[in-house]
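**Q** Next up is a structure, given as structure tokens.
Just so you know, all these numbers are worked out from the coordinates, no wet-lab data involved. Values in this document were obtained by computation on a predicted structure and should not be read as measured data. Positions of Cβ are backbone-derived with ideal geometry, glycine not excepted, and every protein chain shown enters the neighbour counts.
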Amino acid sequence: MFNEIIREYGRSFYRRVDIPFSNGKEFVSRNREVIIERLHELGNVKQVITIDGVKVVFSDGSWILIRGSGTEPIIRIYAESLLEERLNQVINYTISLIKSLG
């Protein structure tokens, strides 16, 4: 069944990265606008959602979500893309961004 889904819709790549960070929720909230602005450097932004952190959806279908954990001293980064190379680009850029702002 999984192979049928891949044939029909293609493969996608997903990853979650946790960065040790005290007060992650506060950090993401305080830096929300800067994070959004800098993520525009990764490509054409289709949608920005700020319900629980910052989620940016790009026109190529890839997306990144940055949120502070409510239970642990970490910032979680979630991302998905149709291309593994694009996934790595988005994740690596975001990790560097968080570290540069921290």
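**Q** Free of Cβ contacts under 8 Å to residues at least 60 places away in the same chain, aliphatic (A, V, I, L, M) and under 17 Å from L97 (Cβ atoms): is that true of V28 in this structure?
**A** Against the criterion (free of Cβ contacts under 8 Å to residues at least 60 places away in the same chain, aliphatic (A, V, I, L, M) and under 17 Å from L97 (Cβ atoms)), V28 qualifies.
**Q** Another question, then. Here are the criteria: (1) closer than 17 Å to S81 by Cβ; (2) among the basic types (K, R); (3) in contact with a Ser or Thr (Cβ under 9 Å, 6 or more places away or on another chain). Tell me which single one K55 does not satisfy.
**A** Going through (1) closer than 17 Å to S81 by Cβ; (2) among the basic types (K, R); (3) in contact with a Ser or Thr (Cβ under 9 Å, 6 or more places away or on another chain) one by one, K55 breaks only (3).
**Q** Please work out if S12 is surrounded by fewer than 16 Cβ atoms within 10 Å (Cβ to Cβ), touching a residue at least 60 places away in the same chain (Cβ under 8 Å) and among the polar types (S, T, N, Q).
**A** yes
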